[in-house]
Amino acid sequence: MTYEEMVSLLSGKIELNEKTVERFKKYASLLKEWNEKMNLTAITDEPEIVEKHFYDCLLPTDHDLLDDKLICDLGTGAGFPGMVWAIAYPKCVVTLVDATGKKCMFLNEVIKELNLTNAFVVNSRGEDLNMREHFDIVTARAVAPLNILLEVCVPLIKEKGLMIAMKGAKGKEELADAKKAIQKLYLKVININEQALPNDEGVRYNIILKKEKKTEKKYPRSWADIQKKPL
C-alpha cells in the first residue's frame, strides 16, 4: 500500500494532511533503521508497514472517538497503535507503555524526530502502572488473549471510559472466552468493528467495550496469577 492509497482509503473518516504523511514516512524510516539493531517488527517492507501497521491501526478510529482523549497503549512495542494515533490525531494525548527499555528508547527517538508534543513513554509492565482510573481509552494490539488483557487494562480506564482491543481473525473466539472477565470487570461490548485489509491480507476485529463501573481494588492481580487463572 502506498501512502497515497492510505490517504484515499481513509478519506472521509480521517483527513491525513501533507505534514502528517511526512511524519508517517519519517516514522517508517526510523522503524527500518532501528530494526537493524533490535527486533521491533517482522514487517520491514515499507508498503507493508503502511498497510499492516499504519492503515491497520487507523481502521477503528475517527476524530469523535479519539480527539481530546487521554489514551494509554499497553505493550505498545514499536508504537502500534499508540504512536500512529498520536501522529494522526494531534488533539489526543497518548501514553505509550512498554516493559522493554530498548523499545522505549526507540519510541522516545520517534517522538523527538517527529517533534510530537502529545505522546509520552513509560517503561513499565501494565499491571505495575500506577495510573488507576486515569485514562479515557486504553488499547492494546497483539499483546495477550482478551480474557488476560482485560484484567491488566481495565483498572486504568476511567468509569464510562473505553477499552479498544485490536484483534485478528480469532477476535470473536477471544471475545467469547472473555465473557466472565467482561462481567467481573463491569464491561459492556458496544461495538465489534470487523474490517478486511486490502488484497486479502486478513480480517481485523476491533472490539470496543465500555466500563460501566469502577474496577474492584482486587484487580489486577499479579501477572503470575492472571496467567495461571484468567478471569
Quickly run through the stretch 56-83 and pick out the residues that are under 21 Å from LEU149 (Cβ atoms), among the charged types (D, E, K, R) and either free of Cβ contacts under 8 Å to residues at least 60 places away in the same chain or surrounded by fewer than 23 Cβ atoms within 10 Å (Cβ to Cβ) (or both). LYS69
How many of the residues making up the stretch 43-100 are more than 10 Å from the chain's Cα centre (by Cα) and assigned to a loop (DSSP other than H, G, I, E, B)? 17
Just one listed residue, out of GLU36, GLU51, GLU18, is over 18 Å from MET83 (Cβ atoms), out of contact with any helix residue (DSSP H, G or I) (no Cβ under 6 Å at 6 or more places or on another chain) and modelled with pLDDT under 95, and it is GLU36
Considering the stretch 206-231 alone, what residues qualify as being of a type in the set (A, V, I, L, M) and more than 25 Å from PRO81 (Cα to Cα)? ALA224, LEU231
Residues within the stretch 133-148 that are closer than 22 Å to LYS180 by Cα, surrounded by 15 or more Cβ atoms within 10 Å (Cβ to Cβ) and either in contact with a strand residue (DSSP E or B) (Cβ under 9 Å, 6 or more places away or on another chain) or of a type in the set (Val, Ile, Thr) (or both), tallied: 8
Report, by residue number, each residue of the stretch 50-99 that is closer than 16 Å to GLY126 by Cβ and β-branched (Val, Ile, Thr). ILE71, THR76, VAL94, THR95, VAL97
Which one of GLU109, GLU113, GLU159, GLU127 is in contact (Cβ under 8 Å) with a residue 12 or more places away in the chain, exposed (fewer than 15 other Cβ atoms within 10 Å of the Cβ) and closer than 30 Å to ASP177 by Cα? GLU159
For the stretch 84-97, give me the residue count where each residue is crowded, with 22+ Cβ neighbours inside 10 Å and more than 16 Å from ILE14 (Cα to Cα). 4
Find the residue count for the stretch 1-19, including only residues that are touching a residue at least 24 places away in the same chain (Cβ under 8 Å), under 17 Å from LEU66 (Cβ atoms) and surrounded by fewer than 16 Cβ atoms within 10 Å (Cβ to Cβ). 1
Only one of GLY79, GLY126 is under 23 Å from PRO155 (Cα atoms), modelled with pLDDT of 95 or more and in contact with a Phe, Trp or Tyr (Cβ under 9 Å, 6 or more places away or on another chain). Can you tell me which? GLY79
So GLU173, is it free of Cβ contacts under 8 Å to residues at least 24 places away in the same chain and acidic (Asp, Glu): yes
Output for the stretch 193-213, where each listed residue is out of contact with any Lys or Arg (no Cβ under 6 Å at 6 or more places or on another chain), exposed (fewer than 15 other Cβ atoms within 10 Å of the Cβ) and not acidic (Asp, Glu): ALA196, PRO198, ASN199, GLY202, LYS213
On the basis of being assigned to a helix (DSSP H, G or I), buried (at least 18 other Cβ atoms within 10 Å of the Cβ) and not aliphatic (A, V, I, L, M), does LYS32 make the cut? no
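The values are calculated or read from the model by the stated rules, or taken from the named source; none is laboratory data. As the structure is a prediction and not an experimental result, all values here were calculated from the model. Ideal geometry is used to build each Cβ from the backbone, glycine not excepted, and the neighbour counts take in all protein chains shown.
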